[in-house]
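Inspection log for the structure reproduced underneath, given as structure tokens.
The values are calculated or read from the model by the stated rules, or taken from the named source; none is laboratory data. Just so it is clear, the model here is predicted, and its values are computed rather than measured. Every residue, glycine among them, receives a Cβ derived from its backbone with ideal geometry; neighbour counts consider all protein chains shown. To get the accessible areas, we keep the full protein, side chains included, count just its heavy atoms, and leave off ligands, DNA and RNA. Shrake-Rupley method; radii C 1.70, N 1.55, O 1.52, S 1.80 Å.
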Amino acid sequence: MSITSQKPSTIAVWAGEERPLAFGAAQVPIVQSAPFAYDDMDEWGAVALGQAEGHIYSRNTNPTVGVFEEKCRILEGGEKAIAFASGMAAISNTLLSLLSPGDRVVSIKDSYGGTSRLFMDTLPRMQIEVDLVETSDSDAIDAAIEKGCRLVYLETPTNPTLKIIDLDRAIRTAKAHGAIVVVDNTFATPINQRPLGFGADLVLHSATKYLGGHDDAMGGVLIGRKDLVTTVYEHREICGAVLSAFSAYLLLRGLKTLDLRVRKQNETGLAVARFLAEHPKVAAVFYPGLETHEKHDVAKRQMSGFGGMLSFSVDGDFDALKRFVGELKYVHRAASLGSVNTLIGPPSVTSHVECTAEQRAALGISETLLRYSCGVEDAGDLIAQLDQGLKAV
Ligand SMILES: *Cc1c(COP(=O)(O)O)cnc(C)c1O
């Protein structure tokens, strides 16, 4: 049986599981083995040389990890997918294997904190020129690409201020100038947005977030053009940031309910954003599903749901913020996002913990901003808790 359905919910459950699994298992087994053994030297040789299918060593490929990769590949609509130990492993391996000294990269000011550090520190140290553009300014993105670059790195919606990039426009410009386009699709998930459909070459995820969805496993995945993913794969083989079989199993288990979770989180995200936008003690709300969001029209065009992530600032100082956060029930005060449990935290200890206060200020991230990741709890319960908490502001 091979997957013919185009529906994400069916793909997430069945893709990669078409063949009979070991011992007739009904769920993907955790193949906890570093090497794979062969009695026939010729067969071993053929597999090692890539002339026959099979596994040699789990730093290269692993059957459990392979099923996770296949589900992600079909969900994003790419030619090839490879998994990593974390989202940052996916991002750093991709950038370090596709770029060389003398290359120029165009990206945005609002990329994830760890990614920002690669752009601000690591790549310049390797004589790679990085041009970080104002995220919401499509003209500035076009102008930076038109100066010539090897790679364009985008992220939308952004973390934590939920800025939106017009993917169709940025990718058209990049393609016209021969640049490779990479999109971090962690916030949107393939349920809400499929960058490869807009012509991006590569899409990547922190699987730690929505794909796994339960805050119990780290992982990353890169999906897209076969030649490029193969280049990154060869780098990963040597650098070794592979996903473990056990983490792959947890991520697979989570992935099966991705569609269910994200649809509910889309609904809750919109309900929470609307509630906060009306509240007198909330100074600002950032959510692409609100009609007042500066790029709501673009978001509506390129996303099929607006997601479960939002951020907002309370009308008060950092002490008011601390009182408010302390009052909340049904939330973890923790980093990370995209889990079944609701999570809250300021960027200074979550998305941008890697940055200094000055770097955060330069990115326009105020110290009284709070990032809120809707879980799958009852939306009414979450809103009642926020209402209660805001009384302390
Ligand atoms: C968390 C995150 C990352 C990094 O992923 P890890 O799994 O924590 O390494 C990258 N991009 C975005 C948008 C993220 O939210």
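In region 70-120, what count of residues is obtained for those that are within 16 Å of the ligand (Cβ to nearest atom) and in a helix (DSSP H, G or I)? Number satisfying all stated conditions: 20. Restricting attention to region 342-371, the residues that are open to solvent by 10 Å² or more (accessible area, probe 1.4 Å) and either away from the ligand (no atom under 16 Å from the Cβ) or part of a helix (DSSP H, G or I) (or both) add up to 13. Give the residue, chosen from 384, 320, that is over 24 Å from residue 293 (Cβ atoms), open to solvent by less than 10 Å² (accessible area, probe 1.4 Å), of a type outside the set (Phe, Trp, Tyr) and not in a loop (DSSP other than H, G, I, E, B). That would be 320, the only listed residue that is over 24 Å from residue 293 (Cβ atoms), open to solvent by less than 10 Å² (accessible area, probe 1.4 Å), of a type outside the set (Phe, Trp, Tyr) and not in a loop (DSSP other than H, G, I, E, B).
The set of residues in region 256-278 that are of a type in the set (A, V, I, L, M) and out of contact with any Cys (no Cβ under 8 Å at 6 or more places or on another chain) comprises 258, 260, 262, 270, 271, 273, 276, 277.
Filtering 252, 243, 276 for residues that are in a loop (DSSP other than H, G, I, E, B) and surrounded by 16 or more Cβ atoms within 10 Å (Cβ to Cβ) leaves a single hit, 243.
Here residue 178 fulfils each of the conditions (1) open to solvent by less than 50 Å² (accessible area, probe 1.4 Å); (2) more than 16 Å from the ligand (Cβ to nearest atom) apart from (1). Within region 145-175, if we keep just the residues that are of a type in the set (Val, Ile, Thr) and open to solvent by less than 10 Å² (accessible area, probe 1.4 Å), the residue that is farthest from the chain's Cα centre (by Cα) turns out to be 145. Contact map, region 278-297: residues that are in contact (Cβ under 8 Å) with a residue 60 or more places away in the chain paired with residues that are surrounded by fewer than 16 Cβ atoms within 10 Å (Cβ to Cβ) and in a helix (DSSP H, G or I), Cβ distance under 8 Å, separation 6+ or inter-chain. Pairs shown: 279/387.
If I filter region 121-144 down to residues being within 14 Å of residue 165 (Cα to Cα) and assigned to a helix (DSSP H, G or I), which single residue comes out as least open to solvent (accessible area, probe 1.4 Å)? Talk me through it step by step, then tell me what you get.
At the first step, the residues of region 121-144 found to be within 14 Å of residue 165 (Cα to Cα) are 132-142.
Restricting the remaining residues to those that are assigned to a helix (DSSP H, G or I) gives 138-142.
Details: 138: 24, 139: 103, 140: 30, 141: 6, 142: 21 Å².
Ranking the candidates gives 141 first.
Filter region 47-94 for residues that are touching a residue at least 40 places away in the same chain (Cβ under 8 Å) and of a type in the set (Val, Ile, Thr); which is surrounded by the fewest Cβ atoms within 10 Å (Cβ to Cβ)? Ranking the candidates gives 74 first. Name the residues in region 210-229 that are surrounded by fewer than 24 Cβ atoms within 10 Å (Cβ to Cβ) and over 21 Å from residue 95 (Cα atoms), would you? Answer for region 210-229, where residues must be surrounded by fewer than 24 Cβ atoms within 10 Å (Cβ to Cβ) and over 21 Å from residue 95 (Cα atoms): 214, 215, 216, 217.
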